[in-house]
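Structure record follows, encoded as structure tokens.
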Amino acid sequence: MDKELLREINEVYQMTGNLHKTAKELGFAYAKVRKALITYGTYSTQFSDDVYRLRCNGYTVEEIAKELDTTVKRVSAWLPYEKSMYNLPEKTKDAVRSGNYRKRNELARENSVLAKHIFNDDDNDYADEDERSAKMQTRKTSNANSAEKESINTITTGEPIRLHLKLHEEELDEDSQRILKKCGRSSTGNSIERDILIPHDMTLHALHFAIMRLFGWQNSHLHAFRLPDEVYKKLTNNTVRGWGNLVGVLFQTVYPDNVWDARYGDDDYEHGSVKTWLRKKYTGPYHYLGWYEQYGVATSEFNDFAESHQNMAVYEQFDYKNKDKSREDRLIKHAPVIDLTLEEMNSSLSVDDGTDDLLERLTVSSLMARKGEKKAGAEKLGKKMVKRWYKGYGETLEPEVKPVTDKLFYHYDYGDGWVVEITRIKDCGDLIENGTITEEELEEAKSTVYGEHRPVCIHQDGMRLVDDVGGFGGFINMLHILYESDDIDEPLSPDDPDSKEYTSIWAHSMGWSARKISNKQLL
């Protein structure tokens, strides 16, 4: 062991107090610095302590990986050095491959043209950080046909976007949390989480299909993306007029009766592999547009709705304590719907699709800020038009959107009540810091995002779910039946829904599998 080198790394670390800064200062790989400090004894985590304890007890690297339910590569990265360390070690195959990925990713940043905006440098306070530094450019080609049209929509892009997706249930009792930890592979006992990298131009529409695959659902129920309540109320000023001003900009319109096919017109699965079908939907280029998501159509439908409710009856909200109060006694006034608050409208009139579902043509990068970054108010939205190209529609004009939130909520299956919290994270430093992924794995994931124009899962916590199971409670009950019930002590017929055989057959018929899928294969 080269003690002088270890001492030098430790001294720099004591000055910087940061692994990344230490690696940059010395010109070493991050993983090498971390391993050196673990060896020197000045850096540790719970994971590194567990690895070292098992190693001291005579476990092999493979046995440690199995014991801790992780990979051999990750265990090796967190073990102290056991062989001589050299100042200029020969590059490993992983290091060479990582270097190639970095070069490829840098080239992708320089050359990728995702869209072309009508752009005004004087009004760019809320533009994405990568967009602010990017230069406007169009693809030069002598054949300006389909290849040109598919690249009409953005500017050059920087890093892929990282999203953290979390299914969370606070009201689980201790036994339920134990089952979800033990049988459902959840580290927390009350959540199932994913971290993904997505292309810079990915739309909410495409993200929906990726979520299906990430959490194991089959796209068999209604869904919607929505803002946090406080953001929604602030943007709309909690009024029908404020909401109407953002219809076609942020929000879905009031759909006519019996047009579900129009809203979900891209749900065209017929046969074959659901996995393959879903992958096509979340792989770019992203140019799908629903008929009622066109700006002109959306605003026209809302105007028709407002025009047809010029003198509507307005009722006070239903109060269960006064449930016997007649509807006539609850009448407050007659007024145009456009002059009402959202509460007044919703207590008086049923809008089937609601008022808070977001347009799915929106790109994640245009809608979501990184956590802690400045966000736009309603007055900054729709001030200029953006030219985009959509399959089947050609070039269209739509209002420009600026980031208004760093968090979204994805609702799926309103009966089971699944809600996925989506947060945009600045980078992946925390995942590297805690050893969840290596720098090499991160560069490879970025290369896939650039090269294949699709999202990549970089971390998963908890197994995949299943449709029609009854939410978190039903899923936990399913795990209990499959892994903890004892049909010997309590014989059940194979046709009994509480039997292992029945539950197993049903779950697998719904596409569920307990098999652990690697991050690379999950999407």
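The values are calculated or read from the model by the stated rules, or taken from the named source; none is laboratory data. Quantities reported herein were computed from a predicted structural model and do not represent experimental measurements. Ideal geometry is used to build each Cβ from the backbone, glycine not excepted, and the neighbour counts take in all protein chains shown.
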Handout entry: Pair list, Cβ under 7 Å, 6 or more apart: region 33-48 residue in the same structural domain as THR71 (by TED's automatic domain parsing), other residue among the β-branched types (Val, Ile, Thr)
Key = VAL33/ILE9; VAL33/THR22; ALA36/ILE9; LEU37/ILE9; SER44/ILE38; SER48/ILE38
Completion exercise
In region 289-313, residues that are more than 30 Å from ILE332 (Cβ to Cβ) and either buried (at least 18 other Cβ atoms within 10 Å of the Cβ) or of a type in the set (A, V, I, L, M, F, W, C) (or both) total 8
Practice task
For LEU278, work out the one condition from (1) surrounded by 13 or more Cβ atoms within 10 Å (Cβ to Cβ); (2) over 17 Å from MET202 (Cβ atoms) it doesn't fulfil.
Solution key: (2)
Practice task
Return the total of residues in region 27-43 being among the small types (Gly, Ala, Ser) and under 10 Å from LEU79 (Cα atoms).
Solution key: 1
Exercise for the section: Scan region 318-331 and give yes if some residue there is surrounded by 14 or more Cβ atoms within 10 Å (Cβ to Cβ), farther than 30 Å from PHE209 by Cβ and either touching a strand residue (DSSP E or B) at 6+ places or on another chain (Cβ under 7 Å) or at pLDDT 95 or above (or both), otherwise no. Expected result: yes
Practice task
Of the conditions (1) at pLDDT 95 or above; (2) loosely packed, with under 15 Cβ neighbours inside 10 Å, ILE458 clears all except one; give me its number.
Solution key: (2)
Practice task
Quick one: which residue in VAL420, VAL401 is assigned by TED's automatic domain parsing to the domain that holds TRP291, out of contact with any strand residue (DSSP E or B) (no Cβ under 7 Å at 6 or more places or on another chain) and among the β-branched types (Val, Ile, Thr)?
Solution key: VAL401
Completion exercise
Restricting region 326-377 to residues that are under 24 Å from ASP261 (Cα atoms) and among the acidic types (Asp, Glu), the one farthest from the chain's Cα centre (by Cα) turns out to be ASP352
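Condition check ((1) farther than 23 Å from GLY248 by Cβ; (2) surrounded by fewer than 21 Cβ atoms within 10 Å (Cβ to Cβ)) across all residues:
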{"site": "LEU367", "(1), (2)": "no, no"}
{"site": "ARG370", "(1), (2)": "yes, yes"}
{"site": "LEU381", "(1), (2)": "no, yes"}
{"site": "LYS384", "(1), (2)": "no, yes"}
{"site": "TRP389", "(1), (2)": "no, yes"}
{"site": "GLY392", "(1), (2)": "no, yes"}
{"site": "GLU395", "(1), (2)": "no, yes"}
{"site": "VAL419", "(1), (2)": "yes, yes"}
{"site": "ILE422", "(1), (2)": "no, no"}
Practice task
Determine whether region 320-337 contains at least one residue that is part of a helix (DSSP H, G or I), in contact with a helix residue (DSSP H, G or I) (Cβ under 7 Å, 6 or more places away or on another chain) and outside the structural domain of PRO399 (by TED's automatic domain parsing).
Solution key: yes
Exercise for the section: Scan region 149-173 residue by residue and report those that are at pLDDT 50 or above and part of a loop (DSSP other than H, G, I, E, B). Expected result: THR157, GLY158, GLU159, PRO160, GLU169, GLU170, GLU171, LEU172, ASP173
Practice task
Please indicate, with yes or no, whether at least one residue in region 495-502 is assigned to a loop (DSSP other than H, G, I, E, B), surrounded by 18 or more Cβ atoms within 10 Å (Cβ to Cβ) and either in the same structural domain as GLN177 (by TED's automatic domain parsing) or at pLDDT 90 or above (or both).
Solution key: no
Problem - Qualifying positions in region 62-82 - surrounded by fewer than 16 Cβ atoms within 10 Å (Cβ to Cβ), part of a helix (DSSP H, G or I), in contact (Cβ under 8 Å) with a residue 12 or more places away in the chain and of a type outside the set (Lys, Arg) - result: GLU67, SER76
Problem - Total residues in region 385-435, condition touching a helix residue (DSSP H, G or I) at 6+ places or on another chain (Cβ under 8 Å), part of a loop (DSSP other than H, G, I, E, B) and at pLDDT below 90 - result: 2
Practice task
Tally the residues that are assigned to a helix (DSSP H, G or I) and free of Cβ contacts under 8 Å to residues at least 12 places away in the same chain, restricting the search to region 20-31.
Solution key: 3
